[in-house]
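Asks: The following block contains the structure, expressed as structure tokens.
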Amino acid sequence: MSAHPEPVIRLHNLTLAYDRHPAVHHLSGTLKAGSLTAIAGPNGAGKSTLMKAIVGELKPAEGRIEHRLGRTEIGYLPQAAEINRRFPIDVLDTVLLGDWKASGAFGRVRHAAMERARQALQTVGLDGFEKRPIGSLSAGQFQRVLFARLLLQDARVILLDEPFTAIDARTTRDLLEIVASWHGEGRTVVAVLHDFDQVRSHFPETLLIARELIGWGPTEEVMAPENLMRARAMAERFDENAEVCEPAA
């Protein structure tokens, strides 16, 4: 990795809204190639909304997001509540969905992909789980499956929305090791997190937002007590009925 990595994603005066009610105001900054960044902030701060905008699920109300990444170059893990586990599919086939860029949506699964999927399951500690229905798994086991799918996808940029919520401590530790390995390989990893201890211990960069930017940079500086107090105070003033504000000058 170079001493001055290039930006992989740029945010320019970005405002995001649902039904014209603002969720993120005038956010500008860059995610650099190979960075490991936590997105932190109070509930309702716009963290998950920002993730959805980066992956293209939500269009900006104002401003823009710039990157030159193809769809297959971004790996995205949404919140667990957004994933339907009742779909009748087994663990191995779920992991193989990470290879769709090579096989196509209806393509024949290649032998090499099958071997890589099994290897990914070994990496996340689920060797022997290949034929289990995903509906039979615990929350922690299912999250391991989704990380295995990301391993198979082999994306340059990996976005994780609350990846460690409601899972056991051992699974969290194992998955944090995978996150660290991605960072070591030079991938860009961004995770929405609520646990500030995890942020401080494992993520060297932090974007702290409370619908607008509080701080973005080295975690030790951004997570300073005065910034956290400011974010908390802004959260207490959230107005769910506010209209989209005018663009910044």
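The values are calculated or read from the model by the stated rules, or taken from the named source; none is laboratory data. Bear in mind that the values here come from a model prediction, so they are computed numbers and not experimental data. So basically every Cβ, Gly included, is an ideal-geometry build from the backbone, and we count neighbours across all protein chains shown.
Asks: Can you run down the residue pairs with Cβ atoms below 9 Å, 6 or more apart or on separate chains, where the first is in region 120-132 and aromatic (Phe, Trp, Tyr) and the partner is crowded, with 16+ Cβ neighbours inside 10 Å?
Replies: Phe129/Asp90; Phe129/Val91; Phe129/Leu92; Phe129/Leu121; Phe129/Leu137; Phe129/Gln141; Phe129/Arg144; Phe129/Val145
Asks: Further, regarding this structure: Would you point out the residue of region 123-146, among those that are crowded, with 18+ Cβ neighbours inside 10 Å and in contact with a strand residue (DSSP E or B) (Cβ under 8 Å, 6 or more places away or on another chain), that is nearest to Leu193 (Cα to Cα)?
Replies: Leu146
Asks: Does Ser48 fit the bill of being small (Gly, Ala, Ser), surrounded by fewer than 16 Cβ atoms within 10 Å (Cβ to Cβ) and touching a strand residue (DSSP E or B) at 6+ places or on another chain (Cβ under 8 Å)?
Replies: No: the conditions fail for Ser48.
Asks: Taking the residues in region 1-29 that are farther than 16 Å from Ile74 by Cα and of a type in the set (Val, Ile, Thr) as candidates, determine which candidate is farthest from the chain's Cα centre (by Cα).
Replies: Thr15
Asks: Among (1) farther than 17 Å from Asn227 by Cβ; (2) in contact with a strand residue (DSSP E or B) (Cβ under 7 Å, 6 or more places away or on another chain), there is one condition Leu193 misses while meeting the rest; what is its number?
Replies: (1)
Asks: In this structure, is Arg149 of a type in the set (D, E, K, R), buried (at least 21 other Cβ atoms within 10 Å of the Cβ) and either touching a residue at least 12 places away in the same chain (Cβ under 8 Å) or touching a Phe, Trp or Tyr at 6+ places or on another chain (Cβ under 7 Å) (or both)?
Replies: yes
Asks: Working only within region 163-177, note down all residues that are polar (S, T, N, Q) and crowded, with 20+ Cβ neighbours inside 10 Å.
Replies: Thr171
Asks: I'd like the full set of residues that are surrounded by fewer than 21 Cβ atoms within 10 Å (Cβ to Cβ) and not basic (Lys, Arg), limited to region 12-34. Step through it out loud before you land on a result.
Replies: So the first thing to find is which residues in region 12-34 are surrounded by fewer than 21 Cβ atoms within 10 Å (Cβ to Cβ), and the list is 12-13, 18-21, 26, 28-30, 32-34.
Within region 12-34, His12, Asn13, Tyr18, Asp19, His21, His26, Ser28, Gly29, Thr30, Ala33, Gly34 qualify.
Asks: Inside region 21-100, counting only strands (runs of 3 or more DSSP E) that do not spill past its ends, which hold 2 or more residues that are at pLDDT below 95?
Replies: It comes to 21-32.
Asks: Please list, ordered by first then second residue, the pairs with beta carbon atoms under 7 Å, 6 or more apart or interchain, first in region 78-98 and touching a residue at least 12 places away in the same chain (Cβ under 8 Å), second in a helix (DSSP H, G or I) and of a type in the set (D, E, K, R).
Replies: Thr94/Arg149; Val95/Arg149; Leu97/Arg149; Gly98/Arg149
Asks: I would also like to ask the following. Quick one: count up the residues across region 46-84 that are under 22 Å from Leu121 (Cβ atoms) and either in contact with a Pro (Cβ under 9 Å, 6 or more places away or on another chain) or among the polar types (S, T, N, Q) (or both). So that I can check it myself, show each step before the final result.
Replies: Pass one, region 46-84, residues under 22 Å from Leu121 (Cβ atoms): 72, 75-78, 80, 83-84.
Next cut, either in contact with a Pro (Cβ under 9 Å, 6 or more places away or on another chain) or among the polar types (S, T, N, Q) (or both) only: 72, 77, 80, 84.
Qualifying residue count for the region: 4.
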